[in-house]
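Quick notes on the structure that follows.
A short reminder: the numbers here are calculations on the coordinates, not readings from a lab. Being a predicted model, the structure only gives us computed values, none of them experimental. Using ideal geometry, Cβ is built from the backbone for each residue, glycine included, and neighbour counts are taken over all protein chains shown.
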Amino acid sequence: MTRRKKMVERVTELMGTPERIRNIGIVAHIDHGKTTLSDNLLAGAGMISEEIAGKACWMDSDEEEQARGITIDSSNVSMVHSYDNQEYLINMIDTPGHVDFGGDVTRAMRAVDGAVVLVDAVEGTMPQTETVLRQALKEGVKPVLFVNKVDRLINELKVDEVEMQIRLGKVIDKVNKLIKGMNEEAYKNGWKLDAAKGTVAFGSALYNWAISVPYMKSSGITFKDIYEKCTTNDMKWLGKNSPLCEVVLDMVVRNLPNPLDAQKRRVPIIWQHGTPDTTEGKSMLACDPNGPACLMVTDISFDPHAGEVSTGRLFSGTLKRGTECYVMGTALKVNRLTQVGIFMGAERIEVESLPAGNIAAVTGLKDAIVGSTVSTLREMTPFESLKHYSEPVMTVAVEAKNMKDLPKLVTVLRQVAKEDPTVKVTIDEETGEHLISGMGELHLEIITGRIARDKGVEIVTSPPIVVYRETISGTAGPVEGKSPNRHNRFYIELEPIAPEIVQKIKDNEISMDLPQLERRDVLIEAGFDKDEAKNLVAIEGTNMFFDMTKGIQYLNETMELVLEGWREALAGGPLADEQVQNVKIKLVDVKLHEDAIHRGPAQVIPAVRSAVKAGVLLAGDTLLEPMQILQITVPQEHMGSATGMVQGRRGQVYDMKSEGDTMTVVGKAPVAELFGFAGDVRSATEGRAMWSTEFAGFDMVPAGMLKEVVTEIRKRKGLKEQIPEPADYLA
């Protein structure tokens, strides 16, 4: 333990000098070696013994992670590295690579300033490499590259020295091309990766060695030595003479920014609506430990003894035990911190105080959720909300095995939703079912497994089902909605929203948070006419509501009820009771009863709801199904079976690339057809296929299948089997 204690003392000493702090994330495609790399860095820093590094996967502290051999949750660790006779504090986050846990990567990128991107020398850049790079660049995080598994190039693919250098060069070019495509400005301002400048290292995380150009110069080891030692299988020599942790951490310290430099550049990106000349603005830009505390919560976990632990990046101020904080966007009750600490893998270690520029783990923030802005000020502009790249596409129904566990299950589901914002939990009051929606089969399997294992609630789960959406294909209106007492009438018109505007809503460029004039200008620029632009009342998901009426008495006091009815109708559309999206609704005329008692909620809400539902049916209601992009890499002789796999599942093949003796088939297929895909691909290609999926938005269900799919959903949800007509709502 003494070694660990020493480590903690060194870490706490360095916390107060931001010039010597580096906050980094390790990101890559699944199985490219992130956790093995993290282990070796820890071993080099003296945190775990060198014998077990790489096999132990110390950062994967959860038994589920150990069993599956993949990372599920991001884990944080702080360590000390000496470079040029100075000690540096490195706060590192090891992130998951599997596409189902992409949300964890987004959240980790908010907390760090630099990223080590790993790429497998044999596989090259993969779809998830691209996704994680995009997330890093969007958050203003500077990348450096580590090309892993170089020993496999030499020993398995038997390439010679020249070919080896050509291949490694190709990998670097490919990553540079991605960076240039995503953010050309940064690429020109020195973010281009260049082996000669030392922003690229090569090595093998499993065998604990690495090399970079600056290290070659100082140690005299050349590519020739590496080639020789790999062919004679003398990895131990390389591990001693060119240790991985030294090469990689030197690269991190030299090329990635410290919090002082990084926050000057990043705060304007992640705090766009804030004003830089306020107290908090100035102290965040300067990373000032004496300013007001500003913390962005990026992760919440539950500790059986201490309750909720919120992990996040502290941009300014200092946190101590007993600091009184406020969570923005809540009732602003005082949340008093009970413990302040840092993470060392699975352990949390308490510290006296924690200054700006570090990644903190605190308990006592009862009101915080993932993405909250926490400050010692009562009023502060919150940080930009975290954007996830994919939406939940699969759902399972969960019930408690024993009735007595029901109240416990409800609490547990609330905790689950709080811990992982990419999970959607809905409780259906009518059927008593609890629905959990997630990113994919694996994601849901792990969440339901954890409920049973960690929280001790035995549950029964249904087979997973796909989440559909509804939308309209044409226009309709004016549609009249009458209230039950026939005294109030609402007239609405519907039309679909253009895809480019939907994208703007998703990117938060059009939102109700913008000041009114700014919002009007953005809408006009997007192609709305002036009248519509100034009358936008609400946005719900990707639906918009415009009030085009003029001078109607009492309307302003019933508007909230109108929106309530509109939201209810959109939460479950008329076809299959699924969420409606991409619909623009204009309120064109209203007739209201002059007596307030005759235009209450019981009259207005049903009137608007039935008008919207009937309108959606009249405008050609259809279903949208979630799609995924598939990338299957197979040996050439199995190419036919790989394309057959995609086409046999209602998919389209877009592209085929050949590299050496392997082919990569890129296609797109509906999630509904991808259940059990893993087993089928393996048996069709004799287990020689590597494949990955990525969320690709929603597409219309083919017209020929629509009726069958709708009937199936209605049957499952216990609705009447026949599809409703507009007349059913307009009685």
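Numerical summary
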{"quantity": "Rounded tilt (10° steps) of 555-571 against the dominant C-alpha axis of the chain", "calculated": "60"}
{"quantity": "Geometric extent, Cα atoms of region 537-683 - Rg, Dmax (angstrom)", "calculated": "24.3, 79"}
{"quantity": "Filtered GluC sites (Glu not before Pro), region 514-599: DSSP coil and at most 14 other beta carbons within 10 Å", "calculated": "GLU594"}
{"quantity": "Inter-label distance, nm, simple model (7 Å from Cα along the C-beta direction), ASP84/TYR554", "calculated": "7.6"}
{"quantity": "Formal net charge of residues neighbouring HIS487 (Cβ-Cβ distance under 11 Å; K, R +1; D, E -1)", "calculated": "+3"}
{"quantity": "Candidate lysines - alpha carbon under 18 Å from LYS591, same-chain residues fewer than 8 apart omitted", "calculated": "LYS482, LYS550"}
{"quantity": "Cα extents of region 101-177 along the three principal axes, largest first (Å)", "calculated": "41, 22, 17"}
{"quantity": "Value in Å of the Kirkwood radius, where region 2-257 supplies the Cα pairs that are averaged", "calculated": "18.2"}
{"quantity": "From phi via Karplus (6.51, -1.76, 1.60), per-residue ³J(HN,Hα) for region 120-126 in Hz, x at Gly/Pro", "calculated": "6, 4, 7, 7, x, 6, 10"}
{"quantity": "For region 294-371, radius of gyration divided by Kirkwood radius, i.e. Rg to Rh on alpha-carbons", "calculated": "0.92"}
{"quantity": "Added length on full extension, which subtracts the Cα-Cα distance from 0.36 nm per residue, HIS305 to MET403", "calculated": "32.6 nm"}
{"quantity": "Using alpha carbons only: equivalent-ellipsoid semi-axes of region 394-466, gyration tensor based, whole Å", "calculated": "17, 14, 12"}
{"quantity": "Burial order of peptide ranges 127-136, 397-406 (average beta-carbon count within 10 Å, highest first)", "calculated": "127-136, 397-406"}
{"quantity": "Estimated [θ] at 222 nm from DSSP helical runs (n ≥ 4, -39500 (n - 2.57)) normalised by residues in the chain, nearest 500", "calculated": "-10500 deg cm²/dmol"}
{"quantity": "FRET efficiency, 1/(1 + (r/R0)^6) with R0 51 Å, evaluated for ASP531 and VAL122 via beta carbons", "calculated": "0.30"}
{"quantity": "Theoretical FRET efficiency, 1/(1+(r/R0)^6), r = Cβ-Cβ of ARG453 and ILE427, R0 25 Å, to 0.05", "calculated": "0.70"}
{"quantity": "Coordinate range along principal axes, alpha carbons of the chain, Å, largest first", "calculated": "89, 65, 57"}
{"quantity": "Extent along principal axes [Cα atoms of region 258-325; Å; largest to smallest]", "calculated": "41, 24, 22"}
{"quantity": "Cβ charges +1 (Lys, Arg) and -1 (Asp, Glu), total dipole of the chain, debye", "calculated": "920"}
{"quantity": "Neighbourhood net charge (11 Å Cβ-Cβ; Lys/Arg +1, Asp/Glu -1) for MET235", "calculated": "+1"}
{"quantity": "Volume in Å³ per residue [convex hull over Cα atoms, computed for region 223-365]", "calculated": "167"}
{"quantity": "Mean separation of Cα contacts under 8 Å, 6 or more apart, over the residue count of region 394-466: relative contact order %", "calculated": "49"}
{"quantity": "Zone residues, region 180-197, relative to ASP507, backbone N less than 18 Å from point 7 Å out along Cα-to-Cβ", "calculated": "180-187"}
{"quantity": "Fully extended contour minus Cα-Cα distance, from ASP194 to GLN165, at 0.36 nm per residue", "calculated": "9.1 nm"}
{"quantity": "Relative contact order of region 2-257, defined on C-alpha pairs under 8 angstrom at six or more residues apart (%)", "calculated": "20"}
{"quantity": "Reciprocal mean inverse distance between Cα atoms of region 470-619 - Kirkwood radius, Å", "calculated": "15.6"}
{"quantity": "Two-decimal log10 I(q)/I(0) for region 623-700, as the Debye equation yields it once each C-alpha is a single scatterer, q = 0.14, 0.15, 0.23, 0.26 Å⁻¹", "calculated": "-0.40, -0.46, -1.01, -1.25"}
{"quantity": "With 5 Å bins from 0: P(r) over region 90-224, alpha-carbon pairs, percent", "calculated": "2, 9, 19, 22, 21, 15, 8, 3, 0"}
